[in-house]
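Everything below concerns the one structure shown next.
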Amino acid sequence: MHLPLSTVSSTSPNDYVAEHVRAIPRSGIRDFFEIVQTMKNVISLGIGEPDFVTPWHIREAAIYALERGKTGYTSNLGSMNLREAISDYVATNYALRYDPATEILVSVGVSEALDLALRAVLNPGDEVLYHEPCYVSYSPSIALAHGHAVAIGTKEEDEFKLRPEALRAAITPKSKVLLMNFPTNPTGAVMTAAELEEIAVICREHNLLVITDEIYSELSYADAHTSIASLPGMRERTIFLHGFSKAFAMTGFRVGYACAPAPLIDAMMRIHQYGILCAPIVSQEAALEALRHGHDDMIEMREQYRLRRNFLVHAFREMGLHCFEPRGAFYLFPSIKSTGMTSHDFAFGLLKQEQVAVVPGTAFGPSGEGCVRCSYATGMEQLQIAAERIARFIQK
Ligand code: PLP
């Protein structure tokens with residue numbers, strides 16, 4: 001027997017949504033780019049992905065995989081060939097050795113690997129410390145894993161590095177994880193081995209687990225990149241995350257990986273095997289090709305980014321804007337304080353008046369106020385036009 005509709009209590013679909021999901025704010029970047037998409041003649045410096053198409057031989061490897069009938073699942077951890085190649089790549093480039101059988105998991109991008117790492121280690125209420133401004137997904141990912149996100153503001157005068165004293169001041173008895181990302185999205189900050197060692201000392205002292213997102217590590221323009229995982233006593237307390245999206249221009253392939261001691265990879269695998277099963281086999285084949293033969297393409301793209309960075313830093317300084325020279329990734333984070341505008345007003349004004357899209361610094365956390373993020377993963381011609389338009393906007 002059905003109850004008459006009038007006796008059924010009225011529940012809005014929103015009431016079914018879990019509280020911790022309801023509490024997650026909409027992405028500031030998404031709202032902004034919904035407006036951008038409705039406009040014509042916009043030059044976007046807002047995109048966080050390479051403007052290069054994936055190198056041809058990597059695409060060809062994906063096509064060839066399909067031709068050979070590679071259409072099934074792989075091992076939950078990823079194909080052994082790829083895990084072996086990752087193990088060699090990480091050993092050569094980061095001075096870290098991981099066992100491909102038990103210490104490497106191939107994921108659907110760094111995004112999935114980060115989610116797995118957080119879900120695998122956090123008990124409700126555990127604190128995750130991270131430096132800010134930072135990648136937009138960090139705070140929501142921590143909240144979705146029932147952790148408590150604790151932002152540590154970084155400053156332009158410190159070149160947006162994580163200062164040891166700021167880390168120490170943020171630690172409480174509930175602190176469990178330090179999440180790091182150098183080179184940093186959105187600032188392009190990097191940390192030297194000596195600076196990382198100062199952070200490592202604190203992590204060892206307070207028994208913190210480090211999750212290090214190394215997605216931009218190949219795109220370092222000054223000194224050789226060092227991973228905190230390679231410092232003494234750190235490998236056993238670090239989850240090293242990396243992927244193919246940025247260095248090999250493979251965002252759409254959705255493939256990344258995590259390297260960590262076996263018990264941590266095993267914990268992450270237990271979540272991954274039920275939620276995802278495995279990363280797509282075609283993407284894994286393409287990733288294998290990138291590691292085996294993609295080095296020169298990566299160097300070429302990095303050189304292009306470096307030239308564009310030099311151009312844009314110079315252009316902003318000529319306009320009278322204070323611009324910290326980023327040493328990695330493909331973002332500039334100039335200060336717009338001298339214009340007297342907030343980052344929100346600057347970004348919206350520039351879009352409206354000159355059709356150039358940059359991202360308000362506050363999209364990356366409150367400490368991004370006073371700055372805007374400009375991606376130089378955009379062709380040089382576009383950058384030149386954008387620079388002219390920005391200069392005109394500031395003069396007005
Ligand atoms: N981590 C950082 C710092 C990023 O900037 C991004 C993408 O912009 C990601 C992770 C996501 O990477 P993936 O495409 O591998 O999921």
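The values are calculated or read from the model by the stated rules, or taken from the named source; none is laboratory data. Keep in mind that this is a model prediction, so the values were computed, not measured. All Cβ positions, glycine included, derive from the backbone under ideal geometry; neighbour counts span all protein chains shown. These area figures cover heavy atoms from the full protein model, side chains too; ligands, DNA and RNA do not enter into them. Shrake-Rupley method; radii C 1.70, N 1.55, O 1.52, S 1.80 Å.
A few comments on the model shown:
- Within the range 86-101, tally of residues that are over 24 Å from residue 185 (Cα atoms) and surrounded by 16 or more Cβ atoms within 10 Å (Cβ to Cβ): 3
- Enumeration of residues in the range 321-350 that are among the hydroxyl-bearing types (Ser, Thr, Tyr), open to solvent by 40 Å² or more (accessible area, probe 1.4 Å) and part of a helix (DSSP H, G or I): 338, 339
- Residues located in the range 279-288, provided they are touching a Leu at 6+ places or on another chain (Cβ under 8 Å) and of a type in the set (A, V, I, L, M, F, W, C): 282, 287, 288
- Residue in the range 163-175 that is within 22 Å of residue 259 (Cα to Cα) and either free of Cβ contacts under 8 Å to residues at least 24 places away in the same chain or in a loop (DSSP other than H, G, I, E, B) (or both) present: no
For (1) over 19 Å from residue 114 (Cβ atoms); (2) buried (at least 18 other Cβ atoms within 10 Å of the Cβ), each residue gets a yes or a no:
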site: 137; (1), (2): no, no
site: 144; (1), (2): no, no
site: 167; (1), (2): yes, yes
site: 178; (1), (2): no, yes
site: 184; (1), (2): no, yes
site: 190; (1), (2): yes, yes
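- Once the range 10-47 is narrowed to residues that are in contact with a strand residue (DSSP E or B) (Cβ under 6 Å, 6 or more places away or on another chain) and either in a loop (DSSP other than H, G, I, E, B) or over 23 Å from residue 136 (Cβ atoms) (or both), the residue that is most open to solvent (accessible area, probe 1.4 Å) is 47.
- Any hit, the range 110-130, residues being over 16 Å from residue 177 (Cα atoms), at pLDDT 95 or above, surrounded by fewer than 18 Cβ atoms within 10 Å (Cβ to Cβ) and of a type in the set (Gly, Ala, Ser): no
- Candidates are the residues of the range 5-35 that are touching a helix residue (DSSP H, G or I) at 6+ places or on another chain (Cβ under 8 Å) and within 20 Å of residue 356 (Cα to Cα); the one that is modelled with the lowest pLDDT is 28.
- Across the range 97-118, the qualifying residues are those that are aliphatic (A, V, I, L, M) and in a loop (DSSP other than H, G, I, E, B), and the one among them that is nearest to the ligand (Cβ to nearest atom) is 108.
- First in the range 374-390 and open to solvent by 70 Å² or more (accessible area, probe 1.4 Å), second anywhere and assigned to a loop (DSSP other than H, G, I, E, B), Cβ under 9 Å, 6 or more apart: 382/45; 382/51
- Among residues of the range 70-99 that are within 16 Å of residue 239 (Cα to Cα), those with a beta-carbon under 7 Å from a residue that is polar (S, T, N, Q) and open to solvent by less than 70 Å² (accessible area, probe 1.4 Å) at least six positions away or on a different chain give the pairs 94/227; 94/230; 95/230; 96/227; 96/230; 98/87.
- Summed over the range 11-39, the residues that are farther than 18 Å from residue 134 by Cβ, in contact (Cβ under 8 Å) with a residue 40 or more places away in the chain and either of a type in the set (D, E, K, R) or within 16 Å of the ligand (Cβ to nearest atom) (or both) give a count of 1.
- Filter result (touching a strand residue (DSSP E or B) at 6+ places or on another chain (Cβ under 8 Å) and among the small types (Gly, Ala, Ser)) within the range 297-341: 328, 335
- Residue that is crowded, with 16+ Cβ neighbours inside 10 Å, within 23 Å of residue 111 (Cα to Cα) and over 20 Å from the mean Cα position of the chain (by Cα), where the choices are 267, 262, 290: 267
- Qualifying residue in the range 352-359 (condition: open to solvent by 10 Å² or more (accessible area, probe 1.4 Å), over 23 Å from residue 39 (Cβ atoms) and either without any contact (Cβ under 8 Å) to a residue 60 or more places away in the chain or part of a strand (DSSP E or B) (or both)): no
- Meets criteria (under 23 Å from the mean Cα position of the chain (by Cα) and either within 16 Å of the ligand (Cβ to nearest atom) or of a type in the set (Phe, Trp, Tyr) (or both)) for residue 379: no
- In the range 138-178, the residues that are touching a Leu at 6+ places or on another chain (Cβ under 7 Å) and within 13 Å of the ligand (Cβ to nearest atom): 138, 141
- Residue 83 meets the conditions (1) within 15 Å of the ligand (Cβ to nearest atom); (2) open to solvent by 10 Å² or more (accessible area, probe 1.4 Å); (3) in contact with a Pro (Cβ under 7 Å, 6 or more places away or on another chain) in every case but one. The failed one is (1).
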